[in-house]
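Colleague: Questions regarding the structure given below will be posed in turn.
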Amino acid sequence: MTVNDMDQSAERVRLVFELGQDSDGWPPARSERLWAIRVSDDTARLDNIPFFLRGFSLGDVVRFTVDDEDVLLGQEAVEYSDNCTVRVIPAEDGHLAEKRQAVLDEFARLGVDGEGIAQFGLVALNVPASAEIAQVKQLLAHGERVARWHYEEGCVTSAWRAVE
């Protein structure tokens, strides 16, 4: 969405973040578009969970710039939420849509929400500060040990890092 396309009374905007790829070509995209709610002329609060973007979580306030084509380009966080972003890739055997939903269901009981993206077989989890962080971390580690999934920490808080 560009600045010119936005209804000026609407608070929701789309921010575009450029992504760097590792030597294996991950993530499989060059940029990620995230919904956000405008806070000021150059800041917005992220309103969905990043699938690939590292260092950002749902609820973070991000500064953006506007490029020559009126695209809103996400820059740096100016205020972090207390949320963590964790990505889970279910094991490849079986029906992946069911596996993505099973991951979401299993973490929901711990106060964690998320969403799956079929194209990449990925689940992005939002872990709020109110979630049972120790149990979430134990479940993640156990699932990886028994080869149910792989996971990565996309953005974590000091509270997350403090839990063994």
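Colleague: Determine, yes or no, whether Leu53 is within 22 Å of Glu152 (Cβ to Cβ), open to solvent by less than 20 Å² (accessible area, probe 1.4 Å) and of a type in the set (A, V, I, L, M). Reasoning before the result, please.
Modeller: On the way: within 22 Å of Glu152 (Cβ to Cβ): yes; open to solvent by less than 20 Å² (accessible area, probe 1.4 Å): yes; of a type in the set (A, V, I, L, M): yes.
So Leu53 passes the test.
Colleague: Answer yes if at least one residue in the range 146-157 is more than 30 Å from Glu11 (Cα to Cα), under 14 Å from the mean Cα position of the chain (by Cα) and of a type in the set (Ser, Thr, Tyr), and no otherwise.
Modeller: To start, the set of residues in the range 146-157 that are more than 30 Å from Glu11 (Cα to Cα) comprises 146-152.
Now narrow it down to the ones that are under 14 Å from the mean Cα position of the chain (by Cα): 151-152.
Those left that are additionally of a type in the set (Ser, Thr, Tyr): 151.
Looking for residues that are more than 30 Å from Glu11 (Cα to Cα), under 14 Å from the mean Cα position of the chain (by Cα) and of a type in the set (Ser, Thr, Tyr), one finds at least one in the range 146-157, hence yes.
Colleague: From (1) within 30 Å of Gln138 (Cα to Cα); (2) modelled with pLDDT under 95, pick out the condition that doesn't hold for Met1.
Modeller: Result: Met1 fails condition (1) only.
Colleague: Still on this structure, please answer the following. Check Val61, Val127, Val163 and return the single one that is β-branched (Val, Ile, Thr), surrounded by fewer than 19 Cβ atoms within 10 Å (Cβ to Cβ) and under 16 Å from the mean Cα position of the chain (by Cα). Give the steps one after another, and end with the answer.
Modeller: On the way: Val127 fails: surrounded by fewer than 19 Cβ atoms within 10 Å (Cβ to Cβ); Val163 fails: under 16 Å from the mean Cα position of the chain (by Cα).
That would be Val61, the only listed residue that is β-branched (Val, Ile, Thr), surrounded by fewer than 19 Cβ atoms within 10 Å (Cβ to Cβ) and under 16 Å from the mean Cα position of the chain (by Cα).
Colleague: Modelled with pLDDT of 90 or more, in a loop (DSSP other than H, G, I, E, B) and loosely packed, with under 14 Cβ neighbours inside 10 Å: is that true of Ser9 in this structure? Lay out the reasoning, then the answer.
Modeller: Working: modelled with pLDDT of 90 or more: no; in a loop (DSSP other than H, G, I, E, B): yes; loosely packed, with under 14 Cβ neighbours inside 10 Å: yes.
Taking the combined requirement at face value, the residue does not satisfy it.
Colleague: To continue, here is another question. Given the conditions (1) open to solvent by 60 Å² or more (accessible area, probe 1.4 Å); (2) assigned to a strand (DSSP E or B); (3) of a type in the set (D, E, K, R), and given that Asp68 satisfies all but one, which numbered condition is not satisfied?
Modeller: All conditions pass for Asp68, except number (2).
Colleague: Do we have Leu140 as surrounded by 13 or more Cβ atoms within 10 Å (Cβ to Cβ), in contact with a Gly (Cβ under 7 Å, 6 or more places away or on another chain) and part of a helix (DSSP H, G or I) here? Spell out how you get there, then give the answer.
Modeller: On the way: surrounded by 13 or more Cβ atoms within 10 Å (Cβ to Cβ): yes; in contact with a Gly (Cβ under 7 Å, 6 or more places away or on another chain): no; part of a helix (DSSP H, G or I): yes.
So Leu140 fails the test.
Here is a yes/no grid of residues against (1) in a helix (DSSP H, G or I); (2) under 16 Å from Gly154 (Cβ atoms):
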{"residue": "Val62", "(1), (2)": "no, yes"}
{"residue": "Gln75", "(1), (2)": "no, no"}
{"residue": "Val88", "(1), (2)": "no, yes"}
{"residue": "Glu106", "(1), (2)": "yes, no"}
{"residue": "Leu110", "(1), (2)": "no, no"}
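Colleague: Condition (residue is among the β-branched types (Val, Ile, Thr), buried (at least 19 other Cβ atoms within 10 Å of the Cβ) and under 12 Å from the mean Cα position of the chain (by Cα)) applied to the range 96-110: is it met by at least one residue?
Modeller: For the range 96-110, residues among the β-branched types (Val, Ile, Thr), buried (at least 19 other Cβ atoms within 10 Å of the Cβ) and under 12 Å from the mean Cα position of the chain (by Cα): absent.
The values are calculated or read from the model by the stated rules, or taken from the named source; none is laboratory data. Worth saying up front: this structure is predicted, and the values here are computed from it rather than measured. Reconstructed Cβ throughout: ideal geometry from the backbone, glycine too, with neighbour counts over all protein chains shown. All accessible areas refer to the heavy atoms of the entire protein, side chains included, with ligands and DNA or RNA removed. Shrake-Rupley method; radii C 1.70, N 1.55, O 1.52, S 1.80 Å.
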